[in-house]
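Taking it in order: structure first as structure tokens, then the write-up.
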């Protein structure tokens, strides 16, 4: 796991608030884990999920659509995030870091998280579309 996300270079935080959930995503390029000469670009991202509702919510599933710079898509579905199915109490937040290697210097991710409340009502909260770009890609 990455100790912390890089603070240098162009950066952007992507935000979306729906269904009583605020989701912020901070993507970054990790050059020391990348090998551009082999078409390998390592990106990390930090996600902060804030429960704006008045009940505890448990994150139970995730769905990701990852698109590289050639518009090739792959889909990821699974339980929870980073091996956890966190319970996020009303007014609290949960934060995690993960990564996404690509074979192009640009790409994007979008998706959604499924939550359940204390009465076992289920709903999905969309994750904002966010972009991966190497610092060099900003010059084009």
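Computed from the coordinates by the stated procedures, all read-outs in this text should not be read as laboratory data. Being a predicted model, the structure only gives us computed values, none of them experimental. Cβ placement follows ideal geometry from the backbone for every residue including glycine, while neighbour counts extend to all protein chains displayed.
How large is the Kirkwood hydrodynamic radius of the stretch 24-75, counting all unique pairs of alpha carbons, in Å?
On the way: mean 1/r = 0.0710 Å⁻¹.
With all distinct Cα pairs of the stretch 24-75 included, I get 14.1 Å.
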Whole Å is fine, so just give me how far the alpha carbon centre of the stretch 104-125 lies from that of the stretch 15-60. 11
For the chain, just the Cα atoms, rotate onto the principal axes and tell me the three extents in Å, largest first. 52, 28, 25
Most to least packed among 120-130, 32-42 [average Cβ atoms within 10 Å]: 120-130, 32-42
